[in-house]
Amino acid sequence: MGDATNTCDKKVDRSRCKSDEERRERYLAKHRRYGNKSYTCELCVVVIKQAAKAKHVKSVKHLKLLSETE
Ligand SMILES: [Zn+2]
């Protein structure tokens, strides 16, 4: 029971520690890394997120088109 109270306290503390500015900066940094960048696969004619690129180029659909093109 004591653990549950501890977790709750930590949660409150953590959000109180972050200033709005710090939170905003983190949000923007995260967005810069994942949100804004997009990758266009000209082979599949599809726009995906940069973060999903690695997964996409290994996908069956992409590899099939790749083998058909070559
Ligand atoms: Zn593709």
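Any read-out appearing in this document is the output of simple, stated calculations on the displayed coordinates, not a laboratory observation. Source: prediction; values computed, not measured. All Cβ positions, glycine included, derive from the backbone under ideal geometry; neighbour counts span all protein chains shown.
Things to note:
- Cβ pairs under 9 Å, 6+ apart, first in segment 47-70 and touching a residue at least 12 places away in the same chain (Cβ under 8 Å), second in a strand (DSSP E or B) and more than 12 Å from the ligand (Cβ to nearest atom): LYS49/SER38; GLN50/SER38
- The residue that is farthest from the ligand (Cβ to nearest atom), among those in segment 44-65 that are of a type in the set (D, E, K, R) and closer than 23 Å to LYS30 by Cα, is LYS49.
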